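Peer 1: Below is the structure I would like to discuss, written out as structure tokens.
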Amino acid sequence: MIKVTTWYTKNTCARIKVSGHAGFDESGKDLICAGVSCIMFGLMNGLDTIGGTIIEQGDDLIDIKVEELKSKKIQDYLELVVVQLLTIYDQYPEYITIERRKDS
């Protein structure tokens, strides 16, 4: 299962972490993993052009932490990605979870 966790500070997205595999199909044919990967790699490429984030990427993991919480452009990117991931969740809830947390 793919696990998506988002952290918000005062209704501002501060972090998005995606980990795991969907298990929808065998490796290389898994449409859920491919969709989530495309969304997240597109986000990382976009954020790389504007800065203001720390991106950690590894096997089964993409973790994006926002350094500039007040950047409207970064927030727009992150909110679009959340909507895209929720769209996948709406169609395939048995393969992806999405959790929203608030920083303390």
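All of the numbers you see were taken from the coordinates with simple rules; none came from a lab. None of these values were measured; they are calculated from a predicted model. Because the Cβ atoms are built from the backbone with ideal geometry, glycine has one as well, and the counts that use them run over all protein chains shown.
Peer 1: Let me know the charge dipole size of the chain about its Cα centre in debye, to the nearest 20, where only the beta-carbon of Lys, Arg (+1) and Asp, Glu (-1) is charged.
Peer 2: Here the size comes out at about 560 debye.
Peer 1: Given the rule -39500 (n - 2.57) for each run of at least 4 DSSP H residues, summed and divided by the residues of the chain, what is its mean residue ellipticity at 222 nm, to the nearest 500 deg cm²/dmol?
Peer 2: -13000 deg cm²/dmol
Peer 1: Using alpha carbons only, how many degrees (0 to 90, rounded to 10) separate the axis of helix 31-50 from the longest principal axis of the chain?
Peer 2: On a 0 to 90 degree scale, this one is about 20.
Peer 1: Please compute the contact order of the chain in relative form: average sequence separation of alpha-carbon pairs under 8 Å and at least six residues apart, divided by the residue count, as a percent. Please list the in-between numbers first.
Peer 2: On the way: 155 pairs, mean separation 40.9, N = 104.
About 39 percent, as a whole number.
Peer 1: While we're here: Name the residues whose placed amide hydrogens come within less than 5 Å of the amide hydrogen of Ile98, ignoring near sequence neighbours (fewer than 5 apart) on the same chain.
Peer 2: Placed amide hydrogens put Val4 under 5 Å from Ile98.
Peer 1: If you don't mind, another one. What is the angle, in °, between the Cα long axis of helix 72-91 and the longest principal axis of the Cα atoms in the chain? Nearest 10 is fine, range 0 to 90.
Peer 2: With both axes taken from Cα atoms, the answer is about 20 degrees.
Peer 1: Let me check I've understood the local charge: for Gln57, count other residues with C-beta under 13 angstrom from its C-beta, Lys and Arg +1, Asp and Glu -1. What total comes out?
Peer 2: -3
Peer 1: Along the Cα→Cβ direction, 7 angstrom out, place labels at Met1 and Glu68. What is the inter-label distance in nm?
Peer 2: Computed distance between label sites Met1 and Glu68 equals 3.7 nm.
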